[in-house]
Each structure stands twice: as structure tokens, then as C-alpha cells.
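The values are calculated or read from the model by the stated rules, or taken from the named source; none is laboratory data. All figures in this text were calculated on a predicted structure; none of them were measured in a lab. For neighbour counting, all protein chains shown are included, and Cβ atoms are generated from backbone atoms with ideal geometry for every residue, glycine included.
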Amino acid sequence: MKEKKGFLDFLSDNKFIQTVISILLGFLVGAIFLAVLGVSVGEAYGKLIDSVTSLKGFSNVVVYAVPYILTGLSVAFSFKTGVFNIGAEGQYVVGSMAAAVTGILMPDLPKGVLIPLCFLAAMLAGAVWGGIVATLKVKWGINEVLSMIMFNWIAYYLSNFIAGLPAIHNDGSAEATKNISENASMLFPKEFSKAAGITNTANWGIFVAIAIMLIVWFVIEKTTLGYNLKAVGSNKFAAEYGGINVNRSILTALAISGALAGLAGALQLMGMGKRISIFSSQEGFGFAGIVVALIGCSNPFGVFIAGLFYGALMFGGSKLNLVGAPTQLISVIVGTVVFFISISVVFRHLKRLKKAPARDAQTGRKELASR
Amino acid sequence: MTDFVNSLGIILFATLVYMTPLLYAGLGSCFSEVSGVVNIGIEGMMTAGAFTGTVVAYFVGNPWIGFLCGGLAGAFFGMLHAIATVRIGADQTIAGTAINMLGPGIVIMIAKVMFNSTDTPSLKPGVQTIPKLFAGVFDTSTVFGRFMDNVFATYASTYLVFAVALLVWFVFYKTRFGLRLRACGEHPQACETLGINVIATRFICVCLSGFLSGLGGACVTMTISTQFRPISIVGQGFIAIAAVIFGKFRPHGTLLGCLLFGFCSGLKVVLGSNSGVDMQLISMIPYVVTVIVLILFVGKSRVPAANGKPYIKAK
């Protein structure tokens with residue numbers, strides 16, 4: 001007999017629906033907070049929606065989203081392979097600095113050479129940063145979460161150090177690097193952006209993000225490499241027994257994940273940043289990547305959508321001040337969304353409980369009696 | 001010689017100031033991790049504690065009531081984490097990430113509405129902040145006196161944290177609860193068959209981790225710095241987690257980890273003002289030293305066997 005699919009089955013099997021419900025709940029909790037704090041909910045959410053739905057607003061959202069999509073893909077890739085890349089933050093920072101150094105020191109290379117070169121430098125830097133952590137883990141058994149936290153800060157100070165070097169530091173009063181060469185810029189031509197009515201930071205980054213998304217999907221789902229990495233991610237011991245070199249697999253996974261986070265840094269710099277400020281606190285692109293990967297269920301396409309969503313919240317959130325609503329509303333909403341996504345496993349447990357009713361003494365006795 | 005003693009005094013002072021919040025949070029993290037629950041939300045719990053402690057002390061006027069309320073605010077977020085991970089069986093990393101966004105988000109939002117600024121007003125030093133013990137006891141006109149003053153005339157919260165560390169060690173290794181919580185992190189199923197309530201044990205441990213993290217957060221804003229700002233807690237929670245892994249998930253190991261980290265940060269303060277080396281490079285010292293010490297002396301840290309795995313009670 002075919003079992004009728006109930007509402008609970010529908011909820012427990014459908015991650016997309018769970019995510020959508022979580023997002024709605026996130027906005028609901030945000031609204032409650034606004035109401036309690038005496039800020040007009042309608043005005044705040046109205047501003048949020050207004051600022052991201054106009055053509056210009058949406059183009060801003062896309063620009064904002066690009067680095068989040070990439071760090072999201074980086075973290076999602078690491079999740080698939082059983083490592084938690086909390087080090088995306090540091091990999092992002094070194095990637096972005098590598099791209100900046102390349103873009104500043106080689107200003108005269110033609111666009112067609114300089115842009116790929118910057119990408120390459122960023123990905124290499126990120127891969128090395130991820131690779132160091134993996135080596136520490138593989139060779140000396142050092143917990144990767146610990147060393148990633150350390151390397152996030154080492155990257156942070158390294159970037160500040162490089163930004164202060166005479167060849168790199170801004171000639172003016174700005175506490176930042178020089179601007180990267182025009183030839184490393186990925187901006188659309190000014191006239192085009194103006195004519196099309198989109199933001200003047202509109203750039204080619206989103207197309208790179210789409211390409212990378214497809215490549216990541218392909219590597220994970222369609223190649224032997226992806227298969228091996230996933231096997232190690234789901235069961236290290238079984239994978240080893242099956243003849244997969246687990247250590248090399250961890251190294252490869254973290255290097256690739258690092259390269260993706262590094263590329264995120266390059267895209268942010270070459271798309272809208274132009275230069276890197278001397279940090280006073282961690283910028284959080286890597287940490288945001290964790291959130292984006294979680295909202296996107298670690299699926300490359302999901303991550304893409306989640307990155308756009310996150311970009312929309314970030315851009316919309318930056319406009320909240322205009323109506324007197326605190327921008328931290330965004331953290332509250334996103335935090336709530338992630339919280340509900342985490343507890344959405346409750347549906348699966350509920351279903352399991354319903355399917356297999358508790359066999360307590362009472363039912364056991366009844367069963368015996370009916371025999 | 002005089003310079004050396006002076007510098008050493010300053011280094012040790014900075015060591016103690018820096019390690020205190022880390023140790024509170026690290027001890028908290030021990031409870032949670034050893035009972036089998038990954039708590040990456042320490043950072044968020046510290047932020048909540050820092051804000052609440054400062055605001056309560058500001059309005060009530062008593063630092064200790066503020067300090068306690070800071071702990072309770074941390075415990076509230078600890079409870080959220082416990083409900084998600086222990087009661088419902090949520091993924092612990094995801095829930096912790098959520099706490100890290102919710103904690104700062106909520107308190108900064110409240111700050112904005114209360115004070116029309118993301119910073120709280122400053123506490124009155126000495127009245128609303130955590131007092132220094134033995135202040136003025138030592139004669140600071142002599143080199144030795146100055147050294148003693150730097151090292152021992154320090155905040156009461158620092159003395160307290162050593163007592164708490166001792167207490168946590170005692171609970172872990174000398175009490176029934178400690179044995180149970182360690183067992184829950186290794187093999188929850190076996191615990192359940194012995195009649196240990198795994199869910200309750202873990203729930204308590206995660207709440208405790210929130211409480212101690214909250215206290216740690218409150219230390220940051222109620223001692224040297226006297227106000228809460230969004231950048232008050234920048235990564236201390238993660239460093240505390242690192243110290244716990246460094247200390248192989250043991251309270252006394254965590255103490256060592258925090259001391260090492262605090263000492264390197266103290267070194268940073270002195271070297272930064274005396275040597276010609278770039279400040280940014282000097283700032284890397286604590287992190288680089290941690291990695292080197294790990295490679296040379298500590299090596300593999302064994303994670304509790306059931307750490308990170310949701311425990312679903314069998315029906």
C-alpha cells in the first residue's frame with residue numbers, strides 16, 4: 001500500500017521549504033524586536049524592500065552579493081568534504097591582499113593579463129593559507145579549528161603590515177593601500193552603468209561567481225576528485241578502507257576551499273573596493289560565508305541564492321538608518337533564520353516518533369495480550 | 001635590571017588582564033565541549049554578557065550585580081543553544097553560528113535604542129567598575145614595590161577567575177557530576193543505560209558555559225575599558241575556544257593556554273612601545289607562538305568522542 005504523504009513528511013523532506021519558513025520566522029522575530037523597541041515595523045521593512053527592489057538597488061545587491069557567494073561556496077565546499085572551514089576569513093584576507101599587491105605593483109599590464117593574474121595570485125594565497133592549516137593537521141595532528149582561528153588573525157595583521165609598506169601604502173592621508181591599477185578593475189564602463197541606470201560599482205564579478213558556482217557543482221558531483229572528497233567527508237575510515245588517501249584528500253579540500261575564499265577577496269577588491277583599508281576589526285566576509293553556506297544547504301545553487309539574499313540584507317540593512325531603525329536588525333534577522341534552520345531537524349524527529357510509536361511497557365503488554 | 005623588572009611587571013599585569021576574560025570563557029567552553037556539545041557561540045555569549053554587565057552596573061551602580069547579570073545574560077544565550085542542540089538535536093555548529101549573530105545583534109540594537117548610540121556610557125571607574133584588590137598596598141616608589149603593585153594589585157575578577165578555575169577542576173575530577181559530564185561526552189548511550197540523564201547533564205553544562213562566557217564578557221568592559229562598544233568583543237570567544245583545544249579539553253590545560261596567550265599579548269604591549277619592529281608584526285606574536293607551541297610541545301588534542309554529535313534519546 002502506498003503511504004499517503006502527510007504534511008509532516010512534506011516539511012521534513014523539503015529543505016527548501018524549511019529554509020523559506022525559517023526566513024519568514026526570521027523576519028517575524030525581527031518585527032517583534034522592532035515593535036518592542038518602538039521602531040515602526042512597516043517603515044523599517046518598507047525601506048528594506050524599497051531599497052533592494054529598484055533597478056539601481058538590485059544592481060547594488062548583486063555587487064554586494066559576489067564576495068558572499070564566493071566565501072559561501074568556499075565554506076560549502078569544505079562542509080561537503082567534512083572539514084569546517086572557519087578559516088575562510090583569513091583566506092579571504094590574504095587573497096584580497098595578494099590581488100591588491102599584484103594590481104598595484106604591475107599597473108601597466110594589459111587588462112586581459114592583469115585581471116587573470118590577480119585572480120591567480122588571490123587563489124594561490126588563499127590555497128596556501130588553507131594548505132598550511134591542512135598540513136598542520138595532517139602532519140602534526142593539530143586541530144584545524146584552532147589553527148584556523150590563529151591564521152585568521154595572522155592574516156589580519158599580515159594584511160595590515162603589507163598595507164603599511166611604502167610601495168603599497170596610500171600616498172595620501174588615507175589609512176589604506178594605493179588604489180589598484182585601472183587595468184585590474186572589473187567595473188563596467190561608467191557610461192554603460194549610467195545609461196542602464198544601475199549602480200556605478202556594477203561589475204563583472206557576478207559572472208565570475210556564476211562560473212565558479214558551476215565549476216564547484218561539477219567538481220563535487222561529477223568528478224572522481226569530488227567523489228573522493230565527499231567520501232572522506234561522510235566517513236573517513238570507510239574512505240580509507242576503500243583506498244582513498246585521506247590525508248591528501250583533506251589537503252586538497254582545504255586548498256580548494258581556501259582558493260575560493262581568496263578569490264572572493266579579489267572579486268570584492270577588483271569589483272567595488274579598489275583598495276584595502278588598514279583593518280580595525282575583522283571584516284567578516286569569511287564568517288558570513290559560513291552563514292551563506294548554511295542558508296544555502298551547502299548546495300552550490302542554494303549558496304548562490306543565499307548569497308544574493310545575504311547581499312540584499314546587507315545592502316538594505318545599510319539603508320535602515322535613514323528611517324531610524326538600527327542596522328543590527330539584519331544580524332537579528334539572519335541569526336534567527338540560521339537558528340531556525342538549525343532546529344528544523346525537529347520535523348525529522350517528529351516524523352520518526354510518529355512513524356515508530358514509543359514502545360513503552362503499556363503497549364508492550366497490549367501486544368503480548370493480543371498474541 | 002630596573003628596566004627589566006619594570007617591563008616584566010607590565011607584561012605580567014597585561015597578561016593577567018588579558019587572560020581573565022579568556023579563562024572565564026574557556027572554562028565555560030570546557031563544560032560544554034567535554035559534555036559533548038560544540039559551542040562555537042561563546043563569542044556571542046560574551047558580547048551579551050559584556051553589554052548586560054555594563055548596563056546593569058551603570059544603572060544599579062554596583063559592579064558585582066552587573067557582573068552577575070552579565071553572566072545571566074550569557075546563560076540565557078547558553079540556554080537557547082542548549083534548547084536547540086540538546087533538546088532538539090540541532091547541528092551544533094549551525095546553532096552556535098546563529099548565537100554569534102543573535103547575541104551581538106540583539107544587544108547592539110538595544111544599545112542603539114537605549115542610548116541612541118552603539119556604545120554605552122562609561123562606567124565610573126572604581127565605583128561602577130570591578131575594583132582592584134590590594135590597590136595602594138604596595139609602595140610604588142621602589143622598583144620592587146612597583147613590580148608587586150603591577151602584578152598583585154589587580155582586578156578582583158582576576159583573583160576570582162583563578163578560584164573558579166580551581167572549582168571547575170574540582171567539579172570535573174572530584175565530583176559525581178564531573179564524572180557524569182565527562183562520560184556524557186564520551187559515550188552518551190552507555191551513560192543512559194547506567195541511568196544518567198544525558199539530556200539534563202548536557203543542558204546544564206551548556207547553560208553553565210553561557211554563564212561563564214557572560215562573566216568573561218563582562219570582565220572585558222568592566223575593568224580596563226569601562227564601556228561597551230561593538231568592538232569590545234572581537235574574537236576573544238574564538239581565542240577561548242582555541243585555548244580549550246590547546247589545553248586538550250581540560251580545565252588546567254585551558255588555564256595554561258590562556259596564560260600563554262595572555263603572556264604573549266603582554267609581551268606585545270612592551271615590545272610595541274620599546275622596539276623598532278612594526279607593530280603589526282608584533283601583534284602576530286600570540287597567534288604565531290600558539291601555533292609553534294602546538295607543533296613543538298602539545299601535538300594532537302583528543303576531542304571527546306561524542307563531541308559534536310547530537311544525542312537523540314532512543315525510544
Which one of these is touching a residue at least 12 places away in the same chain (Cβ under 8 Å), more than 11 Å from chain A (Cβ to nearest Cβ), of a type in the set (A, V, I, L, M) and under 30 Å from B:Val206 (Cα atoms): B:Val143, B:Val107, B:Val168?
B:Val168
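Listed here are the residues, each with its yes/no results for (1) polar (S, T, N, Q); (2) over 17 Å from A:Phe119 (Cβ atoms); (3) more than 11 Å from the chain's Cα centre (by Cα).
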site: A:Leu48; (1), (2), (3): no, yes, yes
site: A:Val52; (1), (2), (3): no, yes, yes
site: A:Val62; (1), (2), (3): no, yes, yes
site: A:Phe79; (1), (2), (3): no, yes, yes
site: A:Gly87; (1), (2), (3): no, yes, yes
site: A:Gln91; (1), (2), (3): yes, no, yes
site: A:Gly95; (1), (2), (3): no, no, yes
site: A:Ala100; (1), (2), (3): no, no, yes
site: A:Pro107; (1), (2), (3): no, no, yes
Flagged pairs (Cβ under 8 angstrom, 6 or more apart or on separate chains; first in region B:256-279, modelled with pLDDT of 85 or more; second not in a helix (DSSP H, G or I)) are B:Leu256/B:Gly247; B:Gly257/B:Gly247
What tally of residues in region B:176-198 results from selecting those that are touching a residue at least 60 places away in the same chain (Cβ under 8 Å), surrounded by fewer than 18 Cβ atoms within 10 Å (Cβ to Cβ) and not charged (D, E, K, R)?
2
Restricting to region A:318-371, count the residues that are within 11 Å of another protein chain (Cβ to nearest Cβ) and at pLDDT 70 or above.
29
Kindly list the number of the only condition in (1) closer than 27 Å to B:Gly70 by Cβ; (2) under 20 Å from the mean Cα position of the chain (by Cα) that fails for B:Val303.
(1)
Given the criterion crowded, with 22+ Cβ neighbours inside 10 Å, more than 10 Å from chain B (Cβ to nearest Cβ) and part of a helix (DSSP H, G or I), identify the matching residue among A:Val128, A:Val94, A:Val138, A:Val113.
A:Val94
Which condition does A:Val39 not pass, out of (1) modelled with pLDDT of 90 or more; (2) not in a helix (DSSP H, G or I), if it passes all the others?
(1)
Pull up region B:223-250, narrow it to residues that are more than 10 Å from every other protein chain (Cβ to nearest Cβ) and under 18 Å from B:Thr118 (Cβ atoms), then point me to the one that is surrounded by the most Cβ atoms within 10 Å (Cβ to Cβ).
B:Phe228
Among what's in region B:300-315 and is at the interface with chain A (Cβ under 7 Å from one of its Cβ atoms) and surrounded by 12 or more Cβ atoms within 10 Å (Cβ to Cβ), pick the residue that is farthest from B:Thr193 (Cα to Cα).
B:Lys300
With respect to the numbered conditions (1) within 14 Å of another protein chain (Cβ to nearest Cβ); (2) surrounded by 22 or more Cβ atoms within 10 Å (Cβ to Cβ), which one is the sole condition not fulfilled by A:Ala100?
(1)
For B:Gly253, only one of the following conditions fails: (1) away from chain A (no Cβ under 13 Å); (2) assigned to a helix (DSSP H, G or I). What is its number?
(1)
Is there any pair linking a residue in region A:82-105 that is without any contact (Cβ under 8 Å) to a residue 24 or more places away in the chain to one that is crowded, with 24+ Cβ neighbours inside 10 Å and part of a helix (DSSP H, G or I), with Cβ under 9 Å and at least six apart or on different chains, and which?
none
